[in-house]
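See structure below.
The values are calculated or read from the model by the stated rules, or taken from the named source; none is laboratory data. Being a predicted model, the structure only gives us computed values, none of them experimental. For neighbour counting, all protein chains shown are included, and Cβ atoms are generated from backbone atoms with ideal geometry for every residue, glycine included. We work out accessible area using only protein heavy atoms, side chains counted, and drop any ligands, DNA or RNA first. Shrake-Rupley method; radii C 1.70, N 1.55, O 1.52, S 1.80 Å.
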Amino acid sequence: MVREADGLIDLRSDTVTKPTPAMRRAMAEAEVGDDVLGDDPTVQRLQEAAAQRVGKQAALFVPSGVMANLVSLMTLTGRNEEVIVGDQSHLYTAEVGGLGIFGNVFLHVLPNLPDGTIPLERLQGAIRDAVYTPKTRVISLESTHNRCGGAALPLDYIQQVAAVAQARSVALHLDGARIFNAAIVLGVSAAQIAAPFEVVNFCFSKGLGAPVGSIVCGSAAFIQEAKRTRRMLGGGMRQAGVLAAACLVALETMVDRLAEDHAHARMLADGLANIRGIRIDPARVQTNIVIFEVDPATGWDSARLQQALAARGVLLSLSGTRLRAVTHYHITRADIEQALAVVRETTECNRSG
Ligand SMILES: *Cc1c(COP(=O)(O)O)cnc(C)c1O
């Protein structure tokens, strides 16, 4: 939407989004108080709005998605317990193992399929409570699934996992950093996705464009306990209403427009599929994340291609041999056309690049 002055097409992540003018105004004018003392009316409004949005009783504002996962899972678990999690999850791949370190919680890791699911039989077989093992306390799912190309978990899959969890008295947690992207592509409400989960957290600072902030949602009793965990982790904030004000604007005005990001990602994926030497399955692209590779036969490897594209103003992120492009608020249709032209010209200008 709003072109950045530097002229870069920054597709590294939807976290690069800057606060909108409406957010900055709301921040400047926010009514605030000491939120650790429960006095900040803007934080309270945000917590109520967020809880309602995902159909939970209560919510707790936290500084980041990583802390949201920590607060959620440390509050749900105790010593000698474990969380079952996918091997491609953000929790396992991108959070420095903090849950094990701070929470004394064992991460029981099962392989994710490329669509972000973990097969039901694997989950069923993994739940344990023998005297010589950690006791399985939580299954944690992720949707949309970042490393699995932004895939949204199907509702019927979530319901099947919930039935397995419930039968074994295991809690279900959703890392819903991008839950609204999932809701849009599934054509359901975020509350419908969240319903089978005890605890759900999501980010305001990704595609919704707020500068800072995530939220943990669950029952009133759970959130009461979660406040203690947040405090322990150093996440209690004082006049946090200046941040919550931007998150309220994000929730009120930035959710529906995510569909544009999905359309742009679709365009990018289809365009990349038509470039010789780019390996991508466009059918896997459902939301705002596009993952692809370059065929080494072109003379390029992904790291060198990333550098060459960056030199021409197109920024992507790299994980192993996979390149990732994420569409967001600052990316226009014209940017996608331009990015495709740059990728085409760069890959076609052979190995000397
Ligand atoms: C970004 C992200 C997080 C962490 O959020 P931060 O705000 O970077 O701490 C957690 N889970 C998923 C799936 C994410 O994409």
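Structure summary
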| item | result |
| --- | --- |
| Subset tally (residues that are in contact (Cβ under 8 Å) with a residue 40 or more places away in the chain, open to solvent by 40 Å² or more (accessible area, probe 1.4 Å) and outside any loop (DSSP other than H, G, I, E, B)) for the stretch 29-40 | 2 |
| Hits in the stretch 70-119 - residues which are small (Gly, Ala, Ser) and either under 24 Å from ARG322 (Cβ atoms) or touching a residue at least 12 places away in the same chain (Cβ under 8 Å) (or both) | SER72, GLY78, GLY86, SER89, ALA94, GLY97, GLY98, GLY103, GLY116 |
| Test: residue in the stretch 297-310 that is outside any helix (DSSP H, G or I) and under 18 Å from the mean Cα position of the chain (by Cα) | no |
| Selection from the stretch 104-125 of residues that are open to solvent by 10 Å² or more (accessible area, probe 1.4 Å) and part of a helix (DSSP H, G or I) | LEU120, GLU121, ARG122, GLN124, GLY125 |
| Residues (closer than 22 Å to GLN88 by Cβ and open to solvent by 10 Å² or more (accessible area, probe 1.4 Å)) located in the stretch 317-353 | SER317, LEU318, SER319, GLY320, THR321, ARG322, ARG324 |
| Selected residue (only one of LEU186, LEU172 is open to solvent by less than 10 Å² (accessible area, probe 1.4 Å), modelled with pLDDT of 95 or more and not β-branched (Val, Ile, Thr)) | LEU172 |
| Which listed residue, of LEU243, LEU272, is open to solvent by less than 10 Å² (accessible area, probe 1.4 Å) and touching a Phe, Trp or Tyr at 6+ places or on another chain (Cβ under 9 Å) | LEU272 |
| Filter result for the condition that a residue is outside any loop (DSSP other than H, G, I, E, B), of a type in the set (A, V, I, L, M) and under 21 Å from ALA325 (Cα atoms), over ILE193, ILE215, ILE184 | ILE184 |
| Hey, PHE61 open to solvent by 20 Å² or more (accessible area, probe 1.4 Å), within 16 Å of the ligand (Cβ to nearest atom) and either among the charged types (D, E, K, R) or over 24 Å from VAL285 (Cβ atoms) (or both) or not | no |
| Members of the stretch 271-281 found to be within 30 Å of PHE204 (Cβ to Cβ) and without any contact (Cβ under 8 Å) to a residue 24 or more places away in the chain, listed by number | ILE280 |
| Close pairs (6 angstrom Cβ cut-off, 6 or more residues apart or separate chains): not assigned by TED's automatic domain parsing to the domain that holds ALA28 in the stretch 207-229, small (Gly, Ala, Ser) and open to solvent by less than 50 Å² (accessible area, probe 1.4 Å) anywhere | none |
| Count - residues of the stretch 154-182 that are touching a residue at least 12 places away in the same chain (Cβ under 8 Å) and either closer than 20 Å to LEU76 by Cα or away from the ligand (no atom under 12 Å from the Cβ) (or both) | 20 |
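Every residue, every condition in (1) under 14 Å from the mean Cα position of the chain (by Cα); (2) more than 21 Å from GLN88 (Cα to Cα), yes or no:
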| site | (1), (2) |
| --- | --- |
| GLN160 | no, no |
| ALA171 | no, no |
| ASN181 | yes, no |
| VAL188 | no, yes |
| PHE197 | no, no |
| ALA220 | no, yes |
| ILE223 | no, yes |
| ARG228 | no, yes |
| ARG231 | no, yes |
